[in-house]
1. Can you count the Lys pairs in the chain with C-alpha separation below 19 Å, eight or more apart or on different chains?
2. Quick one: give the max-minus-min coordinate of the C-alpha atoms of the chain along each principal axis, largest first, in Å.
3. May I ask for the net charge around Cys44, where only other residues with Cβ less than 10 Å from the Cβ of Cys44 are counted and Lys, Arg are +1 while Asp, Glu are -1?
4. Suppose each label sits 7 Å from its Cα in the direction of the beta carbon; what would the Lys61-Val42 distance come out to in nanometres?
5. Using amide H atoms built in the peptide plane, which far-off residues or other-chain residues are under 5 Å from Glu59 H to H?
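Read the figures in this text as sums done on the coordinates, not as results from a lab. Here the structure is a predicted model, which means the values were calculated and not measured. FYI the Cβ positions are ideal-geometry reconstructions off the backbone, even for glycines, and counts take in every protein chain you see.
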Amino acid sequence: MECLRCKEEMFNAKLCGDAYGTGLFLRSKKKGMFEMAKDSTVSCYVCPECGYVELKADEPKKIRVN
Ligand SMILES: [Zn+2]
């Protein structure tokens, strides 16, 4: 994946929200109590040149609700 701004090759990094280093994930859920919530992990890419960060859902189809 290349940077949208300066076309540098971006590298993969882990974006962490807490001290445990679990990383981020996306969650979607239909309305209604009996529907299971759906999760997808998120990949994070960083441009070494300008620092632009891009996030990408690993399994977008899995968490799509409609
Ligand atoms: Zn860049």
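1. Lysine pairs meeting both conditions in the chain amount to 14.
2. The principal-axis extents, from largest down, are 46, 30, 13 Å.
3. Details: positive: Lys14, Lys56; negative: Glu54.
That works out to +1.
4. 2.3 nm
5. Residues meeting the criterion, in which the H sits 1.01 Å from N, are Thr41.
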